[in-house]
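The values are calculated or read from the model by the stated rules, or taken from the named source; none is laboratory data. In this text, all values refer to a predicted model and were calculated from it rather than measured experimentally. Virtual Cβ from ideal backbone geometry, glycine too; neighbours counted across all protein chains shown. To get the accessible areas, we keep the full protein, side chains included, count just its heavy atoms, and leave off ligands, DNA and RNA. Shrake-Rupley method; radii C 1.70, N 1.55, O 1.52, S 1.80 Å.
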Amino acid sequence: MLPRDRIRALLLEHDDPGHLERPADFDLDGSRKCFARLVGALEERFGPSRSRGLLAQDASFYGVIDVSADAAGPGRPLRVLMSNFGNYFVTADVVADGAPSGDAGLSEEFVTWLDCVCTAMGCAFVPADLLREPYNGASFLEAHRDEEFVAALVAAGEVTEGEDDDEETGKAYWADRYFAYM
């Protein structure tokens, strides 16, 4: 796996505030092929999976591959995502109660395997815990809009400074930049 500092540098390098959904040089055909190869590798290892490529407009990620709990092995399903950025950042996490719950449940063997698959495809595996680090890039994300909205409410006297107890308001994470709806 790339050193964490190198992955962080790649995340910053590909952060273009003028292109939130996909980079200026986005290659749709190349993305389709890369995603198909990723799906193929996962299906070769785990059997049939459920995948959705080029999910929707306003998303910074290309697609999602869900591997069932029966096939994945850790007792919970796996979710692998491919971003539109970074010659395709790829991440994976365990799904609990229908939502990603982090990569703590991923075996070291699986992470090593997925990293090797990504490297062979020219992608960069990004650990989910790194994507949960606070976002310090140049783009203006939805979480920042929330912070502005709360500040406007405070300025208008609608709420007081400590009234909004949501500690997450205004906080963005790297996952918000490369694996979310914009």
Among (1) open to solvent by 50 Å² or more (accessible area, probe 1.4 Å); (2) modelled with pLDDT of 80 or more; (3) assigned to a loop (DSSP other than H, G, I, E, B), the one test that T112 misses: (3)
Within segment 24-66, tally of residues that are in a loop (DSSP other than H, G, I, E, B) and either surrounded by fewer than 18 Cβ atoms within 10 Å (Cβ to Cβ) or of a type in the set (A, V, I, L, M) (or both): 11
Within segment 1-41, tally of residues that are without any contact (Cβ under 8 Å) to a residue 60 or more places away in the chain and within 15 Å of D66 (Cα to Cα): 4
Pair list, Cβ under 6 Å, 6 or more apart: segment 103-126 residue at negative phi, other residue polar (S, T, N, Q) and open to solvent by less than 30 Å² (accessible area, probe 1.4 Å): V126/T91
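Here is a list: D93, D103, D146. Which entry is among the acidic types (D, E), crowded, with 17+ Cβ neighbours inside 10 Å, modelled with pLDDT under 90 and assigned to a loop (DSSP other than H, G, I, E, B)? Steps first, answer last, please.
Numbers: D93 fails: assigned to a loop (DSSP other than H, G, I, E, B); D146 fails: assigned to a loop (DSSP other than H, G, I, E, B).
One residue alone meets the criteria, D103.
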Positions within segment 10-23 being part of a helix (DSSP H, G or I) and open to solvent by 40 Å² or more (accessible area, probe 1.4 Å), in sequence order: L12, E13
All positions within segment 67-90 that are modelled with pLDDT of 95 or more and either surrounded by fewer than 19 Cβ atoms within 10 Å (Cβ to Cβ) or among the small types (G, A, S) (or both): S83
